[in-house]
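First up is the structure itself, then whatever we jot down about it.
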Ligand SMILES: Cc1cc2nc3c(=O)[nH]c(=O)nc-3n(C[C@H](O)[C@H](O)[C@H](O)COP(=O)(O)O)c2cc1C
């Protein structure tokens, strides 16, 4: 797939077919992820792949409950309260797999490096005909001792990017972009 086509047409996908993503394809998108640049070429990333559907159901419940318990009244997440309280809302949209990109240290720059890896992964997935959605709502729970224990994330790692991945049920509609603010300095 043409690079610009992927950049312009990748969308957050929120409805997946139940069909599994084969492991070769999971390895393919992770191989693309690790091509990302990283500060001082530290490549400070690690990947946890969860394919266990009952586990994902459980993580969805736990992460929603944690958010509802901790989100401040009237905060920016307030508009999502009703959705998060809905037992039928699956945080990972019933995706057949979740890839959690973890920083292998809390060192400066490691989380940024993981974000770059995440974008590579999402673009590669789109190019392979798959859909992805970064599930930021899951991150606070994944960072708790119980979330870390569930996924085997070591204490010194930092879960940065939980990414649901699967075969899209339908093409996701375009999402408009704000006008890019550009401040030109110089002649
Ligand atoms: C850091 C981050 C966290 C996100 N968290 C969620 C999330 O928890 N649930 C969700 O449905 N989408 C989530 N998204 C997807 C965004 O809502 C989506 O990227 C945005 O609406 C723009 O749409 P597009 O990706 O289709 O261009 C997240 C995206 C990013 C970058």
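Since every read-out is calculated from the coordinates, none of them should be taken as a lab result. Predicted, not measured: the structure shown is a model, and the values here were computed from it. Heads up, the Cβs are rebuilt from the backbone with ideal geometry, glycines too, and the neighbour counts pull from every protein chain shown.
The value given for the chain is a Kirkwood hydrodynamic radius of 17.5 Å, derived from the mean inverse Cα-Cα separation.
On full extension, the segment bounded by residue 35 and residue 144 gains 36.3 nm, given 0.36 nm per residue less the C-alpha separation. The distance separating the Cα centre of the range 28-99 from that of the range 139-162 comes to 10 Å. For the range 68-135, what class follows from the C-alpha gyration tensor (a ≥ b ≥ c being the square roots of its eigenvalues): rounded when a/c is under 1.5, otherwise prolate if a/b is larger than b/c, else oblate? Oblate, because a/c is 1.5 or more while a/b does not exceed b/c.
Just subtract the alpha-carbon distance of residue 46 and residue 106 from 0.36 nm times their residue separation and send over the number in nm, one decimal.
Gain on stretching residue 46 to residue 106: 20.3 nm.
Going by C-beta contacts inside 10 Å, put 91, 77, 67 in order with the fewest on the left.
77, 67, 91
Gaussian network model of the chain, Cα springs within a sub-10 Å range: biggest mean-square fluctuation belongs to which of 157, 80, 59? Looking only at 157, 80, 59, the largest GNM fluctuation is found for 80.
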